Amino acid sequence: MELIEDLKFIKTPFNKAVITIGNFDGVHKGHQAIFHQVIEKAEEIGGTSVVMTFDPHPLKVLGHNGPPLITRKDQKIELISATGIDKILCLPFTREFAAISAQEFIKDLLINQLGMKAIVVGLDYSFGRNREGNLELMQKAGKQLGFEVLIADWINDTETGSERISSTRIRELVMEGRVDETPKFLGRFYQIRGKVVKGRQRGGSKLGFPTANIKLHDELSPKMGVYAVTVETQTGKFKGVANIGYSPTFDDHIFTIEVHLLDFAGDLYNTRIRINMIKRLRDEKKFSNLEELSNQIRNDIQLAREILA
């Protein structure tokens, strides 16, 4: 896989490029199906599979807040790369880029600069200045300029087959704490990433359960509460229990993400870790004293062990 982050680095067109374009937030099963369609078509014609995506999210540039991202840039690129795509164009989205007309976008960028021979798009695909381009315009241009337009079908979840996979639905599940339902849409558990920073020094000394205090990298945080998790560190993968919220027993009103790693001895301070959200165990609760809280944490750990066994 080759990552290209600016069009100026593309000196010559790709060989028979098969392209798909989108934000692909979450890189969920629907997106993955599109990427595999791109790869299959590229193999069929002896061409190059290409994904074009953007950073930052276009809505953030065009004066809207935009949704909290499921996957930040680094994770999105990792996940797209894992599908086997040849080229990832993660382009800076600017107002100047947004001002390109639909016709210019197709002819000047996709065909002349990138060498497009086929494009894979969804039924609701729109592009160009003021979203003036649509599927009909793309198909018309394909006939005129000699490239193939392939339409990707909607993908439903694999368990029930009844619910369309979408980034919006995944965000809802995460914000509702229903993280155990995300794999049927993502093909993996929802993951948050962050750096281990200095906390309030109370997990080990006061409660007997040392925790890693996380400075969150992601925009989308799961609903507050206690979760069974797995944690990927520089030294390996561990089971754990995470608390997301304000630790009401201590009454200091500071939002934190703290993770206790099971059967782990070491120092994670200043390292980056990845937390896979497996299942929500309970709401946060204010306890009368530290002994009650410590007993509850012990119960949480036992339940997490059973879930993660």
Is it the case that some residue within the stretch 194-205 is surrounded by 17 or more Cβ atoms within 10 Å (Cβ to Cβ), under 17 Å from the mean Cα position of the chain (by Cα), under 30 Å from Ser166 (Cβ atoms) and at pLDDT below 95? yes
May I ask you to verify whether Phe147 is over 30 Å from Lys11 (Cα atoms) and at pLDDT 90 or above? no
Residue hits (the stretch 8-28; modelled with pLDDT of 95 or more and basic (Lys, Arg)) are Lys16
Checking Ile88 against (1) β-branched (Val, Ile, Thr); (2) in contact with a Cys (Cβ under 7 Å, 6 or more places away or on another chain); (3) assigned to a strand (DSSP E or B), which test does it fail? (2)
Heads up, the strands (runs of 3 or more DSSP E) in the stretch 1-72 (entirely inside) with at least 3 residues that are without any contact (Cβ under 8 Å) to a residue 60 or more places away in the chain, in the same structural domain as Arg95 (by TED's automatic domain parsing) and within 22 Å of Thr94 (Cα to Cα) are 48-55
Given the residues Lys285, Lys237, which is the only one that is surrounded by fewer than 20 Cβ atoms within 10 Å (Cβ to Cβ), under 30 Å from Lys184 (Cβ atoms) and in contact with a Leu (Cβ under 9 Å, 6 or more places away or on another chain)? Lys285
Residue check: is Lys107 of a type in the set (Lys, Arg), touching a residue at least 24 places away in the same chain (Cβ under 8 Å), surrounded by fewer than 19 Cβ atoms within 10 Å (Cβ to Cβ) and within 19 Å of Thr12 (Cβ to Cβ)? yes
Does the stretch 112-136 hold any residues that are modelled with pLDDT of 90 or more, surrounded by 15 or more Cβ atoms within 10 Å (Cβ to Cβ) and out of contact with any strand residue (DSSP E or B) (no Cβ under 9 Å at 6 or more places or on another chain), and which are they? Gln113
Would you mind telling me which numbered condition in (1) under 30 Å from Leu69 (Cβ atoms); (2) hydroxyl-bearing (Ser, Thr, Tyr); (3) at pLDDT below 95; (4) surrounded by 13 or more Cβ atoms within 10 Å (Cβ to Cβ) Tyr269 fails? (4)
Tabulated pairs, the stretch 85-98, first within 23 Å of Ala33 (Cβ to Cβ), second of a type in the set (Lys, Arg) and at pLDDT below 95, C-beta under 6 angstrom, 6+ apart or interchain: none
Only one of (1) in a helix (DSSP H, G or I); (2) more than 20 Å from Phe185 (Cα to Cα) does not apply to Lys76, and that is (2)
Matching residues in the stretch 63-82 - criterion: being in contact with a Phe, Trp or Tyr (Cβ under 9 Å, 6 or more places away or on another chain) and either of a type in the set (A, V, I, L, M) or under 29 Å from Ala141 (Cα atoms) (or both): Ile70, Leu79, Ile80
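The values are calculated or read from the model by the stated rules, or taken from the named source; none is laboratory data. Note that the structure is a prediction, hence the values are computed from the model and not measured. Note: ideal-geometry Cβ built from the backbone for every residue, glycine included; neighbour counts use all protein chains shown.
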